[in-house]
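Presented below is the structure to which this report refers.
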Ligand code: ADE
């Protein structure tokens, strides 16, 4: 059974282009995964379709109400599905988590807005909270898109042969080596000689050296 993802959001149109384009769009078209964008307002019951309200105890901004979220999740969930809330105070997202999520049958990704959602949602209908980084987005919809994009790469068939996962950053714990393509000389800037040599052992050695150099400059924490 291919993975099914339901995204619950107040801003469904933010995902239109993202889901249709590129490798992810092809993976969805080929049936390697299914992504359903769900408008949280569909589960509101009043005539203004109210999905948020002012916080108890005061403070700025609006808080997503429990009723539509409980109703949506109760309708969409399946036995064993993982219900995830995207939030800057969640567990940091990583390639390992992306791989683990890619092996699930069904994910529900809830995007709130930055002021937050009613805590009862988090306590009762959410299994896991994920942050994509130490910065605050205006809402979690782009964060859900990031999670989907990263996990889709681990679903068999989504990446072709030519885009295989074997040599890449974070799988190897080293950042990537520099890539070059034709022309071999452009505006006086030439491609490193070794890459044109056809000597695969030397090319491997050079690439690994560049990976170590880059990683120690930019992400020394990965070398520990
Ligand atoms: N919503 C707002 N900011 C976010 C972040 N950094 N990660 C996940 N969800 C978010």
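Only the coordinates and a few stated rules stand behind these numbers; no lab work does. This is a predicted model, so every value here is computed, not measured. Counting neighbours? That spans all protein chains shown, and the Cβs are built from the backbone with ideal geometry, glycine included.
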- Note on the structure: Fewest-first ordering of 120, 207, 182 by Cβ atoms within 10 Å yields 182, 120, 207
- Cα-based Debye curve of segment 3-152 sampled at q = 0.10, 0.11, 0.19 Å⁻¹ gives log₁₀ I(q)/I(0) of -0.33, -0.40, -1.20
- Note on the structure: Placing each pseudo-label 7 Å from Cα in the direction of the beta carbon, residue 181 and residue 91 end up separated by a distance in nanometres of 3.7 nm
- Query: What angle do you read, to the nearest 10 degrees and between 0 and 90, between the alpha-carbon axis of helix 200-218 and the longest principal axis of the chain?
  - Reply: 50 degrees
- Message: If I model a spin label at residue 123 and residue 67 as a point 7 Å from the Cα along the Cα→Cβ vector, what separation in nanometres do I get?
- Response: 2.0 nm
- Item | Spacing of the two label points (7 Å from each Cα toward its C-beta) at residue 36 and residue 210, in nm | 4.5 nm
- Task: Select from 181, 141, 87 the residue whose mean-square fluctuation is largest in a Gaussian network model of the chain (Cα-Cα springs shorter than 10 Å).
- Result: 181
- Choice from 93, 70, 186 with maximal GNM fluctuation in the chain (Cα, 10 Å cutoff): 186
- Task: Among 33, 174, 97, determine the one that fluctuates most according to a GNM of the chain built with springs between C-alpha atoms less than 10 Å apart.
- Result: 174
- So what is the calculated 222 nm ellipticity per residue for the chain, using -39500 (n - 2.57) for each DSSP H run with n of 4 or more, over all residues, to the nearest 500 deg cm²/dmol? -9000 deg cm²/dmol
